[in-house]
Amino acid sequence: MEMPKRYDAEKEEPRIQKFWEDEKIFAFDKDSDTEVYSIDTPPPTVSGKMHLGHAFSYAQQDFVARYKRMRGFNVFYPFGTDDNGLPTKLLIEKTKNVKAADIDRKEFVKLCLETLEKELRPAYMADWKRIGTSCDFSIFYTTINEHCQRISQRSFIDLLEKGREYRAEAPAMFCPKCQTAISQVETEDAELSSFFNDVVFKADGEDLVIATTRPELLPACVGIFYHPDDKRYQHLKGKKAKVPLFDFEVPIMEDEKADPEKGTGIVMCCTFGDATDAEWQKAHQLPIKKAITNDGKMTGLAGKYEGMSIETARKMMIEDMKDQRLLLSQEPIRHAVNVHERCGTPIEFIHSKQWFIKYLDLKKDMKRWGKELNWFPEHMKNRYDNWVEGLQWDWCISRQLPFGIPFPVWYCKKCDNVIVAREDDLPVDPTVDKPPVDKCPECGGIEFEGEIDILNTWATSSLTPTIAKDLLKGTKAYTRLKDKPMNLRPQAHDIITFWLFNTVVKSQLHWNMNPWHDCMISGWALDPKGKKMSKSKGNVIEPQEMIKKYNADALRFWAAGSKLGEDLPFQEKDLVTAQKFMTKLWNASRFAFMHLEDYRSAKPKKLEIMDRWLLAKLNRLIKASTESFDRYEYSRTKMDTEIFFWQVFCDNYLEIVKDRLYNPDKRGKEARLSGQYALYQTLLTILKLMAPFTSFITEAIYQGYFSKMEGMKSIHLSSWPENLKERDDEKAEKAGDDAVAIIAATRRFKSDADKPLNTPIKKLTIECKDQKALEEALDEIKGATKAEAIEFGKGDVECNEEVKIKVEL
């Protein structure tokens with residue numbers, strides 16, 4: 001088949017994508033005896049369309065999947081979407097211009113499911129296919145379908161039976177905007193402007209000055225604390241202080257958590273300003289006062305400030321304290337505030353009933369579990385360890401949302417006893433389904449109410465290894481995989497604390513094993529200035545537009561330019577570089593196929609010296625590339641192959657071998673056959689080494705010639721190149737390097753003399769001591785330099801060190 005002069009990516013990439021799908025190129029063989037390589041594919045959160053960070057991270061994991069497939073593994077690479085809980089609720093509200101609070105719960109759930117199924121998910125998945133993701137899309141899940149609901153609810157029941165879950169009325173982190181409890185992992189620190197307000201409390205006839213950034217919590221003040229060693233306040237132990245504006249009294253107590261160096265050294269405890277407030281309330285058995293509602297408004301406890309927003313109440317209280325001379329001073333500050341990572345709203349601590357997974361007692365075990373994983377790159381383990389060390393709360397897994405996976409529990413209206421669903425009945429919706437008992441086993445009550453909260457989405461996403469493996473039930477593959485860790489978890493570094501950590505915890509609590517052997521952690525795609533992309537900054541680069549302007553391979557090529565784990569600023573010039581590479585690859589292939597039309601895979605009796613040189617260097621490349629990929633250092637493989645392609649293959653070998661290919665009568669048919677063999681082997685190897693990265697164009701070139709020759713319908717099902725010891729040839733490498741140095745020097749001479757490179761040379765004199773080593777290469781040097789005669793001078797240096805030549809035109 002004659003290759004077109006130009007590669008048309010706009011036409012070829014969709015054709016090849018359809019070919020992959022129609023021919024099931026990436027299908028996982030569920031009943032094969034071939035060794036399985038399993039990947040716990042990250043299920044992207046359905047958010048409308050793929051963003052550049054997705055393209056970056058998923059391309060990198062796809063490099064590994066394609067490499068392992070070519071290494072002969074039966075690659076288990078399923079695909080799922082994360083589409084339950086808060087992210088989906090917000091997306092549906094935006095897409096459909098509705099508010100969940102204004103719609104019947106059942107109707108909103110129905111709207112979510114229908115919109116996901118018919119509108120959002122198909123288009124969203126198309127982006128992943130377009131970037132060349134080689135998942136088996138027939139092995140598919142959504143984190144809201146019955147399959148996932150059943151597994152998630154089964155997990156809840158199992159941990160409840162193991163004593164690892166509990167329901168408690170306790171302080172929980174709460175987002176007033178999203179109006180749901182959140183867990184520690186869903187918070188992040190944001191630098192916000194505020195004031196340190198020096199507020200006056202009255203105690204035993206003296207003024208106590210307390211510095212606070214949260215004066216709106218004064219109506220919820222339940223105590224004053226100082227450090228036991230702080231002599232300034234020891235005389236106040238056991239006395240009471242009057243709260244400004246509200247004139248009620250609270251006890252003054254000592255506690256080692258009070259910091260004498262912070263502010264005035266004395267601090268108020270409110271229910272609840274932060275985690276320390278919660279600890280003090282529990283330790284000292286203080287009352288609980290609720291000053292802020294779930295939607296971020298002041299309660300009746302705040303008196304005349306009732307119904308105000310937090311910000312308004314803060315301003316009004318400050319003004320009133322100024323008027324009453326209860327505010328001594330204000331100091332502007334910038335400080336870290338815990339905000340909800342989803343919406344950026346400062347979190348509050350609300351006293352309410354929530355479900356928790358108990359795991360703070362396992363921090364030593366968590367560190368050990370992390371140590372047992374293979375981290376790539378290794379330093380990413382530090383993020384895991386730092387997270388474990390900073391854990392302060394058990395995992396809150398309940399959310400006050402209308403859409404998500406329901407808790408499989410009911411409560412007795414009489415005694416609040418928990419009634420758990422039978423496993424055979426899962427999945428259940430307790431707001432619709434009846435409990436599995438007619439009366440409460442504790443009190444005999446016959447009235448029940450179903451739990452209306454839902455499970456946090458990470459409580460389900462942390463089960464993806466099980467979700468994926470259970471899709472294989474009834475097959476040979478399931479028997480082999482069900483009780484073993486998967487091979488690989490690929491993901492970005494920003495969700496180590498979300499997804500990776502929680503998956504490790506769930507796997508250990510359920511099955512006493514880690515969920516995978518290796519963790520491959522990618523970095524972020526940044527804007528051209530190295531900043532995080534966001535719509536508010538207006539610096540978002542859409543991969544769909546880049547694919548239209550360039551192509552999917554160019555975007556994959558760009559993603560392969562980053563070392564694993566490193567953030568990569570997006571530079572459009574990198575896509576231009578990719579296109580230049582692809583154009584050169586296409587043209588080099590067209591040249592090769594023109595000279596391989598009569599080649600039938602025969603190996604010559606003797607290989608010419610420059611062919612041995614090329615194949616020896618190719619052998620080194622194969623060895624290094626394989627070792628790099630086995631360490632997940634895909635960028636090294638791409639870089640080494642790219643350098644070999646440009647510098648060794650195109651710039652030197654193709655120019656050297658042209659004389660033999662074009663003039664078979666001059667050097668003989670065996671010399672031409674040797675060149676054809678080396679050309680065939682090398683181009684095929686380059687294509688295979690680049691196939692994980694530029695997957696479309698390598699497939700197009702392979703199908704244009706090699707598919708028929710190799711008997712494989714896709715390059716991605718062909719075998720990865722082998723390192724062959726018989727190709728190692730130090731002598732040929734030395735002679736070839738010398739010949740290349742001489743040819744390069746001759747080219748420079750012609751360029752400096754403003755002569756065309758094909759200008760004939762009467763005599764070429766080489767001033768170096770490698771005459772004997774170069775004897776085999778003289779014909780190649782003659783052909784490449786257009787020299788009629790070659791002589792050796794009296795040079796005493798190695799050719800490739802400082803070659804000197806004399807040219808007679």
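Using only Cα atoms, tell me the angle between helix 9-22 and the longest principal axis of the chain; keep it within 0 to 90° and round to the nearest 10. Tilt relative to the chain: about 70 degrees. In a reduced charge model with +1 at each Lys and Arg Cβ and -1 at each Asp and Glu Cβ, region 489-644 shows a dipole moment near 240 debye about its Cα centre.
In plain terms, the chain from Glu572 to Asp22 could stretch by 194.7 nm, reckoned as 0.36 nm per residue minus the Cα-Cα distance. Here, region 174-316 yields an orientationally averaged convex hull projection of 9.0 nm² when only Cα atoms define the hull. Over 21 Å apart: what share of the alpha carbon pairs of region 512-647 falls there, rounded to a whole percent? Of all Cα-Cα pairs in region 512-647, 60 percent lie more than 21 Å apart. Accessible surface for the chain, divided over its residues, is 45 Å² per residue with a 1.4 Å probe. Extension gain, Phe137-Lys606: 0.36 nm per intervening residue step, less the Cα-Cα distance, totals 164.1 nm.
Out of every Cα-Cα pair that region 684-809 contains, those further apart than 16 angstrom amount to 68 percent. By the Kirkwood approach, averaging reciprocal distances over each pair of separate Cα atoms, region 614-698 gets a hydrodynamic radius of 13.7 Å. Remark: spin-label model distance Asn539-Lys769 equals 5.8 nm, labels positioned 7 Å along the Cα→Cβ axis. Phe195 contributes an accessible area of around 100 Å² to the protein surface, as traced by a 1.4 Å probe with all chains present.
Between Ile288 and Gln392, the simple label model (points 7 Å from Cα in the Cβ direction) yields a spacing of 1.8 nm.
For the peptides 98-106, 640-648, the ranking by mean Cβ contacts within 10 Å, running from highest to lowest, is 640-648, 98-106. Taking only alpha carbon atoms, region 316-416 gives an Rg to Rh ratio of 1.13, where Rh is the Kirkwood radius. For the chain, just list the percent of Cα-Cα distances falling in each 20 Å bin from zero outward, please. That works out to 13, 36, 28, 15, 7, 1, in percent per bin.
Compared with the dominant principal axis of the Cα atoms in the chain, helix 121-130 is inclined by about 30°. Taken along the Cα-to-beta-carbon direction at a fixed 7 Å, the label points for Glu378 and Asp438 span 6.6 nm. Checking every one of the trypsin sites (Lys or Arg not before Pro) in region 21-91 against DSSP loop status and a limit of 15 other Cβ atoms within 10 Å picks out Lys24, Lys49, Arg71. Quick one: Cα centre-to-centre distance for region 495-547 and region 359-424, in angstrom? For region 495-547 versus region 359-424, the Cα centre distance is 19 Å. On the principal axes of its alpha carbon atoms, region 291-345 extends 40, 30, 12 Å, with the longest extent given first.
The loop-placed trypsin sites (Lys or Arg not before Pro) in region 296-345, going by DSSP, that have at most 15 neighbouring Cβ atoms within 10 Å of their Cβ come out as Arg325. With R₀ fixed at 56 Å, the C-beta to C-beta distance from Lys304 to Tyr478 puts the FRET efficiency at about 0.30.
Could you check how much of the accessible area of the chain is carbon and sulfur, as a whole percent, using a 1.4 Å probe? Using a 1.4 Å probe with all protein chains present, the chain comes out at 47 percent carbon and sulfur.
Note on His351: accessible area approximately 50 square angstrom, rounded to 10, probe 1.4 Å, nucleic acids and ligands left out. With only the Cα atoms considered, region 425-512 has a convex hull volume of 158 Å³ per residue.
Across all Cα pairs in region 264-361, the calculated P(r) in 5 Å bins from zero up to the longest distance comes to 2, 10, 14, 21, 24, 17, 7, 3, 2, 0 percent per bin. Using equal-weight Cα scatterers in the Debye expression, the normalised intensity of region 103-241 in log10 at q = 0.09 Å⁻¹ is -0.64. Note on Lys322 and Gln647: with the Förster distance fixed at 60 Å, the Cβ-Cβ geometry gives a FRET efficiency of about 0.20. Just so you know, the Rg over Rh for region 572-622 is 1.12, from Cα atoms, with Rh as the Kirkwood radius. Sorted into 10 angstrom bins from 0, the C-alpha pair distances of region 511-565 split as 18, 38, 25, 13, 5 percent. Loop-located GluC sites (Glu not before Pro) in region 533-609 (DSSP state not H, G, I, E or B) with no more than 11 neighbouring Cβ atoms inside 10 Å: Glu597. Relative to the compact globular guide of 2.2 N^0.38 Å, what is the alpha carbon radius of gyration of region 1-157, as a ratio? My calculation over the Cα atoms of region 1-157 gives 1.24.
Going by accessible surface with a 1.4 Å probe and the largest first, Val740, Val437, Val243 read Val437, Val740, Val243.
Shape class for region 243-282, computed from the alpha carbon gyration tensor (a ≥ b ≥ c): oblate, with a/c not under 1.5 and a/b at or below b/c. Between Ser329 and Glu206, the FRET efficiency from the beta-carbon distance, with R0 = 25 Å, is close to 0.90.
Once the convex hull of all Cα atoms in region 325-371 is built, its volume per residue stands at 241 Å³. Full extension of the segment from Asp33 to Thr312, taken as 0.36 nm per residue of separation minus the current Cα-Cα distance, would add 93.7 nm. Its residues counted as N, region 644-755 yields a C-alpha radius of gyration over 2.2 N^0.38 Å of 1.26. Relative to a virtual label point 7 Å from the Cα of Lys110 in the Cα→beta-carbon direction, which members of region 407-438 show backbone nitrogen distances below 16 Å? Residues passing the 16 Å test: 432-433. Going by the alpha-carbon gyration tensor, a ≥ b ≥ c the square roots of its eigenvalues, is region 1-78 rounded (a/c under 1.5) or, if a/c is not under 1.5, prolate (a/b greater than b/c) versus oblate? Oblate.
The values are calculated or read from the model by the stated rules, or taken from the named source; none is laboratory data. Quick caveat: nothing in here was measured; it's all calculated off a predicted structure. When we count neighbours, we look across all protein chains shown, and the Cβ atoms used for this are built from the backbone with ideal geometry, even at glycine. For accessibility, only protein heavy atoms count, side chains too; no ligands or nucleic acids. Shrake-Rupley method; radii C 1.70, N 1.55, O 1.52, S 1.80 Å.
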